[in-house]
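Down below is the structure, laid out as structure tokens.
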Amino acid sequence: MILSDKRILEEIEKGTIKILPYDRDCLGSNSYDVHLGHTLAKYVDAELDAKKHNKIESFEIPDEGFVLLPHEFYLGVTLEYTETHAHVPFLEGKSSTGRLGIDIHATAGKGDVGFCGNWTLEISVKQPVRIYKGMPIGQLIYFPVDGEIEVKYNQKKNAKYSGQPNMPIESMMWKNSF
């Protein structure tokens, strides 16, 4: 079951969902539109290592936009800071984004109850496409949870992505033991 617009509004009123900045016009019938933040990043090294802290270089998207290229991988960030304390948030691309050949996440579309932060986007494209800061990039949908949560994500000691800033964040896989 997905929360409707009325339920999302109720949860915002209760404080279990927080979206900043919030714009009522971005609320759809069962989702909330999020926008591309001002910053993109790329990994410094061409070859990444899952056991290593792979560094990224961030850069501001210019006012005239930036052309994303196929076979390149970009990290972006949502303009919106969100908190979700009683539901499972899912981030999906908008159909208009997909029709431009833009994928906004490779695998990490699901958040956890207790996620607080801006969402890092894992962006790839099918053909060159110019993007702009502030453009609609995705939509959040919210699922209710069946049962009580023992430990929310923002309360976990090993929560690698809690409190993400409005900057893209590189993979923290290297913090895992394997």
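Between the DSSP loop rule and a limit of at most 16 other Cβ atoms within 10 Å, which GluC sites (Glu not before Pro) in region 1-98 are left?
Glu47, Glu64, Glu72
Based on the inverse mean of 1/r over its pairs of different Cα atoms, what is the Kirkwood hydrodynamic radius of region 114-178, in Å?
About 15.0 Å for region 114-178.
Taking 1 over the mean of 1/r across every pair of different Cα atoms in region 1-79, what Kirkwood radius in Å do you get?
About 15.7 Å for region 1-79.
With unit charges on the beta carbon (Lys/Arg positive, Asp/Glu negative), name the residue among Gln139, Phe90, Pro168 whose Cα is farthest towards the positive pole of the charge dipole of region 88-178.
Pro168
Dipole of region 59-178, Cα-centred, from +1 at each Lys and Arg C-beta and -1 at each Asp and Glu C-beta, to the nearest 20 debye?
Dipole about the Cα centre, nearest 20: 160 debye.
Taking θ as phi - 60°, what are the ³J(HN,Hα) couplings along region 47-53 by the Karplus curve (6.51, -1.76, 1.60), each to the nearest whole Hz, with x for Gly and Pro?
Whole-Hz 3J(HN,Hα) from phi for region 47-53: 10, 9, 10, 4, 9, 10, 7.
Quick check: net charge around Ile137, other residues with Cβ under 9 Å of its Cβ, Lys/Arg +1 and Asp/Glu -1?
0
With n ≥ 4 as the cut-off for DSSP H runs, can you work out [θ] at 222 nm for the chain, using -39500 (n - 2.57) per run divided by the number of residues, rounded to the nearest 500?
Rounded to the nearest 500, the figure is -2000 deg cm²/dmol.
In the chain, once you exclude exposed trypsin sites (Lys or Arg not before Pro) (DSSP loop, at most 12 other Cβ within 10 angstrom), what's the longest stretch remaining?
1-50
At Asp103 and Val88, where each label point lies 7 Å from the Cα along Cα→Cβ, what is the point-to-point distance in nanometres?
Those two pseudo-labels are separated by 2.2 nm.
With unit charges on the beta carbons (Lys and Arg positive, Asp and Glu negative) and the dipole taken about the Cα centre of region 18-131, which residue among His105, Val77, Cys26 sits farthest to the positive side?
About the Cα centre, the residue reaching furthest to the positive side is His105.
A short reminder: the numbers here are calculations on the coordinates, not readings from a lab. Everything quoted here is computed from the prediction, not taken from an experiment. Because the Cβ atoms are built from the backbone with ideal geometry, glycine has one as well, and the counts that use them run over all protein chains shown.
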